[in-house]
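To start, the structure under review is shown below, and the notes come after it.
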Amino acid sequence: MKILFATGKLNRGFSPTGKIIFQIARELAKKGHSCYMCGFSADTAETVAVEDGVNLLRWNSGLLTDKAQQAFDSYAATLGENARRSARKSFLFKNPLMFGVLGYRYSPLYNPSERAQRFGLRVKDFVLKENIDVVCAVYMPFGEAMQTVQQLDGIVPVYLYQTDPWGLHRLPEFAKDADIHIQQETELFAKAKHIVTTPALYRLYKEDSRYMPFVHKMTALNFPNIKPAATCKGESVFKFDDSCTNLLFCGLLEDEYRSPEIFLQTVCSLIDKGERIKVYFLGTSTSRALQGLCTEYPQNIFHHEAVSFDRAFATMKKADFLLNISNTLDNMVPSKIFDYFSLCKPVVNVQKIENCPSREYFDRYPLSFTFEDFAPDEKALAKFLTEAKGKTEKYQTVEKLFKDATIEYAAEKTEKILTDILNDK
């Protein structure tokens, strides 16, 4: 089978979704399939590389306007010939207008519709040239997936791989246009041969009459992040205090839908009573609550901006406890929870809403404690931190409990979907 995974964006570092797609493609390549992965990149030059048997095609969107191109050329010329290869990236950080032109949304020059249309046409040309059998349109961004399906209609079968909601998105900036998004999404679902989605979204689709006509061609897959902990090359960001209980959160924090405030207030109450606890946050944060408590408790609460995955992973391996703060959204599960489970450490889960879709996974994991924001239990939290410190779970147990979140399981399911699609076309 010749399979193309069309991801919309494919920069040097994989996004979380891109990493999943690459791992699935790698497993299918091991089974003898010819796998390609394409996307627009911020690089000036277009590149083709083979990594672990997967052909990676990084394309340039070609969205520079004449005016912006002149500005870029002028800047690049000042750097000399040898520096021109990196000039684009350097210029981007000096000129926000250019930043938008190349694929980021914060510029009046950025046209997502044009970018999506160009991507769909590039995919179509490649499919026809290489005689691709089936295409996976990765749902990130939405416009590129829509254009891929439309451009390939009647040429090759296309299935969707979705990890983030679109029509049923709960964030305010999406919710205000919910009806439009739902109409666009249902049109896309109608054209797709199959839809791979998350269990949380699948449950909502089954309950929504607008999506019921497409449920029969949906498969729910977890994030396939359960894997043995690899040897880590990076260094830990924090130097943890062995005389304290150290909790670490990795990821994005926003007060709007993932606030640590109630949990941290509870921890601070324990600290005030003499408990030796330190909480570390690693990643981008716009949380005013975190900022204020870092100032109020400078010896106990710490924040560091995002770092490379290697350094983040090294830091996770050193912490006593891993901390998850779930969303106030009923259709999104943080993908990092499976990375947490793979490390076999004790995990504290902060549950924000009663119908949280993450809860079922923490109930499955033996070394976890769920702290409910809506019913905080200080004594139970203190008891878990005392009793679970230093404990670990066997990886074999974790893999058995979460077999449906391994890359092998995802690849096996994907291969069956693709085979059924081709047999049915």
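The values are calculated or read from the model by the stated rules, or taken from the named source; none is laboratory data. Please read all numbers here as calculations on a predicted model, not as lab measurements. Don't worry about glycine lacking a Cβ; one is built from the backbone with ideal geometry, like all the others, and counts go over all protein chains shown. These accessible areas exclude ligands, DNA and RNA; they are computed on the full protein's heavy atoms, side chains included. Shrake-Rupley method; radii C 1.70, N 1.55, O 1.52, S 1.80 Å.
Among the residues of region 224-236, those that are open to solvent by 30 Å² or more (accessible area, probe 1.4 Å) and either at positive phi or not acidic (Asp, Glu) (or both) comprise 227, 228, 229, 230, 231, 232, 233, 236.
Scanning region 162-181 for residues that are open to solvent by 10 Å² or more (accessible area, probe 1.4 Å) and either within 26 Å of residue 411 (Cα to Cα) or hydrophobic (A, V, I, L, M, F, W, C) (or both) yields a count of 9.
Taken over region 15-67, the criterion of being closer than 20 Å to residue 137 by Cα, at pLDDT below 95, in a strand (DSSP E or B) and hydroxyl-bearing (Ser, Thr, Tyr) is satisfied by 41 alone. Taken over region 117-133, the criterion of being touching a helix residue (DSSP H, G or I) at 6+ places or on another chain (Cβ under 8 Å) and open to solvent by less than 70 Å² (accessible area, probe 1.4 Å) is satisfied by 119, 120, 123, 124, 132, 133. Within region 316-354, the set of residues being more than 23 Å from residue 287 (Cα to Cα) and either among the basic types (Lys, Arg) or in a loop (DSSP other than H, G, I, E, B) (or both) comprises 317, 318, 320, 343, 344, 345, 346. Remark: pairs (first residue in region 335-346, in contact (Cβ under 8 Å) with a residue 40 or more places away in the chain and within 13 Å of residue 362 (Cα to Cα); second residue small (Gly, Ala, Ser) and open to solvent by less than 10 Å² (accessible area, probe 1.4 Å); Cβ separation under 6 Å; 6+ apart in sequence or on different chains) = 338/405; 346/388. Scan region 121-141 and give yes if some residue there is in a helix (DSSP H, G or I) and under 26 Å from residue 329 (Cβ atoms), otherwise no. Among the residues of region 121-141, not one is in a helix (DSSP H, G or I) and under 26 Å from residue 329 (Cβ atoms), which makes the answer no. For region 252-283, taking the residues that are open to solvent by less than 30 Å² (accessible area, probe 1.4 Å) and assigned to a loop (DSSP other than H, G, I, E, B), the one that is farthest from residue 349 (Cα to Cα) is identified as 283.
Scanning region 191-249 for residues being assigned to a loop (DSSP other than H, G, I, E, B) and hydrophobic (A, V, I, L, M, F, W, C) gives a total of 10.
Yes/no per residue for (1) at pLDDT 95 or above; (2) closer than 20 Å to residue 5 by Cβ:
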site	(1), (2)
200	no, no
207	no, no
225	no, yes
235	no, no
238	yes, no
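May I ask you to verify whether residue 307 is surrounded by 22 or more Cβ atoms within 10 Å (Cβ to Cβ) and outside any helix (DSSP H, G or I)? Spelling it out, it is not the case that residue 307 is surrounded by 22 or more Cβ atoms within 10 Å (Cβ to Cβ) and outside any helix (DSSP H, G or I).
Residues in region 126-172 that are closer than 18 Å to residue 219 by Cβ and of a type in the set (Val, Ile, Thr): 134, 135, 138, 149, 158, 163.
Filtering region 237-251 to residues that are open to solvent by 20 Å² or more (accessible area, probe 1.4 Å) and in contact with a Gly (Cβ under 9 Å, 6 or more places away or on another chain) leaves only 251. Filtered by the rule that a residue be modelled with pLDDT under 90 and charged (D, E, K, R), region 282-310 gives a lone residue, 310.
Residues that are within 19 Å of the chain's Cα centre (by Cα), closer than 17 Å to residue 321 by Cβ and of a type in the set (A, V, I, L, M, F, W, C) were ranked within region 339-361; the one that is most open to solvent (accessible area, probe 1.4 Å) is 343. For region 373-388, a residue qualifies if it is open to solvent by 20 Å² or more (accessible area, probe 1.4 Å) and in contact with a strand residue (DSSP E or B) (Cβ under 6 Å, 6 or more places away or on another chain), and exactly one does: 384. On the basis of being farther than 19 Å from residue 138 by Cα, open to solvent by 10 Å² or more (accessible area, probe 1.4 Å) and among the acidic types (Asp, Glu), does residue 187 make the cut? Spelling it out, it is not the case that residue 187 is farther than 19 Å from residue 138 by Cα, open to solvent by 10 Å² or more (accessible area, probe 1.4 Å) and among the acidic types (Asp, Glu). Taking the criterion of being more than 21 Å from residue 20 (Cβ to Cβ) and either open to solvent by less than 20 Å² (accessible area, probe 1.4 Å) or of a type outside the set (Gly, Ala, Ser) (or both), the residues of region 134-156 that qualify are 147, 150, 151, 152, 153, 155, 156.
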